[in-house]
Every structure is written in C-alpha cells, then in structure tokens.
Amino acid sequence: MLDFRPHLSINERGHLALGGADLVELAEKYGTPLYVYDEQRIRERYREFRDAFAGYGDVEVCYAYKANTSLAILHILRSEGAGADIVSEGELYLALKVGLSGDKIIFTGNNKSDRELEKAVEAGVIINLDSLHELERLIDIVEAENAEAKVSFRVNPEVSPETHPHLATGLRESKFGIHEDIVLKAYERAMRCSRLNVVGIHMHIGSQITKTEPYEEATRRLFDIIGRLKRELGLELEFADLGGGVGIRYSGEQSYITPAQLAEAILPIIEEKLAEYSLRKPKLLFEPGRYIVGDAGVMLARVYTIKRTPYKKFIGCDAGFNLLIRPAMYGSHHDVVVANKASLAPAEEVTIAGNLCESGDLLAKDRLLPEIEKGDILAFLDAGAYGFVMASQYNSRPRCAEVLVNNGKAELIRYAEDFADLVAKQVVPKRLR
Ligand SMILES: Cc1ncc(COP(=O)(O)O)c(C=O)c1O
C-alpha cells in the first residue's frame with residue numbers, strides 16, 4: 001500500500017508516518033479527528049507537474065483552489081510559483097490574500113454573479129467566460145465602469161473523460177462551457193468590444209481522469225477551434241488552458257496516468273495542430289488540483305465503537321461525511337491504515353462507519369484490516385483534495401483542526417472549531433428568546 005506513496009512510511013514503533021511525522025503522536029497531540037498534510041509532497045507534486053511540460057516552453061500551472069483552500073497550502077504553492085484557478089469571489093479573496101497578482105489568476109466558474117464579474121475586473125484577473133449571457137453581462141460592466149478586462153472562453157469539447165458522472169464536465173449535455181456551434185460567435189462578439197482583450201481559450205473535461213485518450217481527443221478539438229479562430233476571425237490567442245483533472249491512485253489496483261504520460265500524449269498533438277494551422281505557440285495553462293494536494297493529506301479518526309451485527313462488523317470512529325464526504329458523495333475509495341498498528345497483517349473484514357445519523361455515512365466498506373480495538377487511530381489516505389474543503393458542521397459537529405508536516409516537524413494550520421462556531425453567525429429574533 002505504501003510502495004506508491006513514498007511520503008508515507010512505517011516507523012520503528014510500527015506507526016504510520018507522513019512526511020516523517022508519527023501520525024499517532026499527532027493524533028494524541030492535536031486530538032481527533034484531524035487532517036494532516038505533507039508540505040514536501042505538495043511541492044514535489046507541483047514540480048513534477050510543471051517539469052513534465054517544461055519541454056514545451058511557456059507553461060503555467062494554475063493550482064485549482066477548489067481542491068484545498070487552506071491558507072498555508074496556498075502559500076506553499078504561491079512560493080513555488082503556481083498561479084490560481086479560481087471559481088468564486090471567495091477564492092479570489094484568498095488568491096489576493098496570499099499575494100498573487102491578477103495576471104496569475106484565472107477566474108472560471110459557470111454562473112458568476114454581477115458582483116463577481118465586477119470584482120474580477122477590479123482585480124485584473126483573466127475572466128474565463130462560460131456563456132454568451134455572461135459575456136453580455138461583462139460587457140455591460142466594463143462599459144459602465146470604463147474598465148478593461150482580459151477574457152477567455154471555456155469551451156465544451158464534448159468528450160467523455162470516463163470518470164464518475166458527477167466528475168465529468170465536458171460532456172455534450174454538461175452545464176459547463178460553450179459548445180462549438182456558437183464558440184466563434186462568442187469570440188467575434190467579444191472582439192467587437194474594445195474594452196475586452198480576448199486572450200485565451202479553456203477546457204476542463206472532468207476530474208479523477210486515469211487515461212490519456214480523453215485529453216487527446218479534447219486537445220484535438222480545442223486546437224481545431226483555435227485554428228478556426230485564426231482562419232475565420234484572424235485571432236491568435238496568447239494561451240490555451242487545458243484544465244485539470246489528472247487522477248491520483250486511490251488504490252494499488254486502480255489505473256492511473258502521470259503528468260509525464262499526459263505530456264507525452266498531448267504535446268505532439270499540439271505541435272501537429274500548430275503546424276496545421278500555422279499558429280504562433282500559445283502559452284499552455286494547466287489547472288491541476290487533486291494531483292497536487294490529493295495524496296499529500298490524510299484524515300485521522302479515533303475508534304470508539306466496535307459493533308457486530310449478524311451481517312457485518314462495524315468500526316465506529318469520530319469522523320463522518322461531514323469531514324470527508326467523498327465516499328458518501330461519489331462512492332469513492334480511500335485506503336485505510338490503522339496508524340498505531342501499521343505493521344500488523346490484516347486479520348478481519350470490517351466496515352468503517354462515521355458518527356452521523358445517516359445510513360450513507362460509511363467511510364470505508366468491507367476492508368481487510370488488523371484487528372481493531374477502541375482507541376485505535378485510523379488514517380484515511382489521499383484525503384488532501386476535496387476533503388476538508390468540503391467539510392460541514394452537519395449534526396452540529398464542529399469542523400476539525402488541520403496540521404502541516406514539514407520534514408518531520410508538525411505545525412497547526414487551522415484550529416478546530418468549537419461549539420461557539422456552530423452559532424457564530426446566527427441570530428435569534430428577540431421575540432423567540
Ligand atoms: C475548471 C476546473 N479546473 C480545474 C479543476 C481541478 O480538477 P482536479 O482537481 O481534478 O485537477 C476543476 C475541478 O473540477 C475545475 O472545475
């Protein structure tokens with residue numbers, strides 16, 4: 001299980017360690033549930049992605065904030081030189097807060113409010129438009145404010161990325177992007193507005209993609225559109241953004257691709273299309289989220305209840321889908337290690353239940369693990385992306401703390417919420433008190 005996760009190891013005490021830090025000790029020190037991330041792994045994955053495309057030349061990796069917006073992690077990625085792919089005013093706030101300049105930020109999102117468009121114009125970010133209607137609203141805004149904006153369009157390449165249906169975003173029937181039949185009309189309209197600088201094109205076909213073929217097909221379509229923009233509108237774009245979506249290995253059996261394999265698959269297609277349409281080389285943008293932070297994070301939970309039913313043995317722990325929703329939402333698999341018994345052989349099949357009053361609150365089903373007792377610490381691996389960031393206070397359970405490990409040393413990066421946080425923004429009208 002640890003062979004393809006070099007940042008995880010078993011130490012001399014038989015405990016699971018992340019980035020050299022003993023996870024059982026961290027659970028004792030900071031309490032459970034707890035999220036822990038490995039800084040060096042995040043840096044390593046960012047660099048791996050960036051370097052995979054270095055042969056092309058001008059490439060920028062805009063980390064997809066939605067995968068994990070913990071500030072310390074955003075700072076790590078800014079220090080590496082990453083830009084930001086953002087989808088809301090909140091993410092814009094965070095990107096500016098960590099010190100990114102507008103030109104390092106691309107604002108996607110399929111349903112931006114007027115206020116979000118205004119803030120994006122004010123910050124000077126690249127506004128990635130998702131519909132003709134959004135374009136018209138942006139034109140109204142820049143004209144009313146005598147402002148200018150850099151824009152690109154998200155196109156829908158109509159390909160199936162062969163992932164979970166909820167993670168496919170470039171299907172014909174998807175809500176995202178502009179379909180090819182009107183894409184030239186959109187560019188043509190934007191070019192007629194002198195306040196808009198039309199600089200790019202974008203696609204994002206989905207998430208947790210484990211094959212190169214969908215990217216190859218989508219890249220062909222994207223560059224055919226770029227070619228048509230030049231031939232029919234005389235427009236040469238500064239950048240082509242190929243989105244994110246590269247999957248990670250949630251288990252040893254799962255198929256996967258690496259950024260290097262992706263580069264090997266799509267860069268020749270790009271070169272071929274550039275030649276076919278006699279295009280200047282655009283800058284390439286990528287927006288990986290999961291690949292950068294996914295396997296760098298684990299969620300720790302403590303075992304409280306052991307329950308046998310005639311059908312299953314349930315292990316009850318102190319986390320639920322309020323903290324890690326992926327198994328309940330997508331049926332996702334997270335490998336589990338009993339952190340304090342990491343060197344013991346599997347002994348029994350168990351299902352790990354969360355502490356929420358929902359029958360769907362099962363964090364791991366039918367897993368072979370060492371015999372588990374009350375007090376054991378469970379580590380849910382690969383929880384760095386779409387983990388804490390999707391957490392809620394459901395069942396009035398405050399969100400947990402987060403810790404960052406760097407070369408064996410741990411630092412708290414988020415305090416656990418307390419009960420006051422459950423009511424912090426609530427108001428009870430006087431007449432009800
Ligand atoms: C527009 C856009 N870019 C990038 C991403 C990041 O995807 P991933 O975390 O799979 O790399 C997403 C996530 O769905 C997205 O919607």
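Ordering 16, 392, 269 by Cα displacement along the dipole of the chain toward the positive end leaves 392 in first place; charges were set at the Cβ atoms of Lys, Arg (+1) and Asp, Glu (-1).
Convex hull volume of the Cα atoms in the range 108-288, per residue, in Å³?
With only Cα atoms used, the range 108-288 gives 113 Å³ per residue.
Looking at the chain, the DSSP beta bridges with both ends there are about 45 percent antiparallel.
In terms of other Cβ atoms within 10 Å, 105, 86, 42 run from fewest to most in the order 105, 42, 86. Sketch the reach of a paramagnetic label on residue 267 as a point 7 Å from Cα along Cα-to-Cβ, and name the residues of the range 50-87 whose backbone nitrogen lies under 20 Å away. Hits in the range 50-87 for residue 267 at 20 Å: 50-63, 82-83. Packing around the peptides 213-222, 252-261, taken as the average count of other Cβ atoms within 10 Å per residue, puts them in this order, highest first: 213-222, 252-261.
Taking the chain as a Gaussian network, Cα atoms linked when under 10 Å apart, which of 41, 154, 397 shows the biggest mean-square fluctuation? Result: 397 has the largest fluctuation of those listed.
Proximity of backbone amide H atoms, modeled 1.01 Å from N, is registered between residue 60 and 284, 285, 286 at under 5 Å, excluding neighbours fewer than 5 places apart on the same chain.
The alpha carbon convex hull volume per residue for the chain rounds to 163 Å³.
Each of 419, 223 was scored by other Cβ atoms within 10 Å of its Cβ. Listed from fewest to most, they are 419, 223.
Please arrange 1, 203 by how many other C-beta atoms lie within 10 Å of their C-beta, fewest to most.
1, 203
The Cβ shell under 13 Å around residue 185 holds other residues with a net charge of -2, Lys and Arg each +1, Asp and Glu each -1. Between the Cα long axis of helix 132-144 and the first principal axis of the chain there is an angle of about 70°, rounded to the nearest 10.
Given +1 at the Cβ of Lys and Arg, -1 at the Cβ of Asp and Glu and no other charges, the dipole of the range 108-288 around its Cα centre is 180 debye to the nearest 20.
Across the chain, C-alpha contacts under 8 Å between residues 6 or more apart give a mean separation that, scaled by the residue count, equals a relative contact order of 19 percent. Pairs of Cα atoms nearer than 8 Å and 6+ residues apart set the relative contact order; for the range 303-433 it is 24 percent.
Of all DSSP beta bridges confined to the range 108-288, the antiparallel ones make up roughly 5%. Each Lys or Arg adds one and each Asp or Glu takes one away; over the other residues whose Cβ falls under 10 Å from the Cβ of residue 260, this sums to -3. Across the range 318-334, rounded Karplus estimates of 3J(HN,Hα) from the backbone phi angles (6.51 cos²θ - 1.76 cosθ + 1.60, θ = phi - 60°) give 8, 10, x, 5, 5, 9, 9, 8, 4, x, 6, 7, 10, x, 6, 9, 10 Hz, Gly and Pro being marked x.
Of the residues 205, 415, 403, the one whose Cα sits farthest toward the positive end of the charge dipole of the chain, with +1 on the Cβ of Lys and Arg and -1 on the Cβ of Asp and Glu, is 415.
Cβ-Cβ distance of residue 228 and residue 368, R₀ of 45 Å, FRET efficiency by 1/(1 + (r/R0)^6): the value works out to about 0.25. Over all orientations, the range 1-117 has a Cα convex hull whose mean projected area works out to 10.1 square nanometres. Of the residues 143, 116, 236, which exhibits the maximal mean-square fluctuation in a Gaussian network model of the chain defined by a 10 Å Cα contact cut-off? Result: 143 has the largest fluctuation of those listed.
Sequence-ordered 3J(HN,Hα) estimates for the range 372-379 from the Karplus curve with 6.51, -1.76 and 1.60 and θ = phi - 60° stand at 9, 10, 4, x, 5, 10, 9, 10 Hz, glycine and proline given as x. Charging the Cβ of each Asp and Glu at -1 and of each Lys and Arg at +1, and nothing else, the dipole of the range 1-101 about its Cα centre rounds to 120 debye. Taking a sphere under 9 Å around the Cβ of residue 306 and counting the other residues whose Cβ falls inside, with K and R at +1 and D and E at -1, yields a net charge of +3. A crude spin-label estimate for the pair residue 133 and residue 407, with each label 7 Å from Cα along the Cβ direction, gives 5.3 nm. Across the range 257-268, rounded Karplus estimates of 3J(HN,Hα) from the backbone phi angles (6.51 cos²θ - 1.76 cosθ + 1.60, θ = phi - 60°) give 10, 9, x, 5, 5, 5, 4, 4, 7, 9, 4, x Hz, Gly and Pro being marked x.
Evaluated with a Cβ-only charge set (Lys, Arg +1; Asp, Glu -1), the chain carries a dipole of roughly 1020 debye about its Cα centre, given to the nearest 20. Packing around the peptides 63-69, 278-284, taken as the average count of other Cβ atoms within 10 Å per residue, puts them in this order, highest first: 63-69, 278-284. With a simple spin-label model that places each label point 7 Å from the Cα along the Cα-to-Cβ direction, the separation between residue 416 and residue 253 comes to 3.5 nm. Here's the picture: charge each Lys and Arg Cβ at +1 and each Asp and Glu Cβ at -1 in the chain, and of 346, 32, 225 the one pushed furthest to the positive end of that dipole is 32.
Across 157, 33, 370, mean-square fluctuation computed from a Gaussian network of the chain (C-alpha pairs under 10 Å connected) peaks at 370.
Taken together, the values in this text are just the output of simple stated rules run on the coordinates, not laboratory data. Keep in mind that what you see is a predicted model, and the values were worked out from it rather than measured. We place every Cβ from the backbone using ideal geometry, glycine too, and count neighbours over all the protein chains shown.
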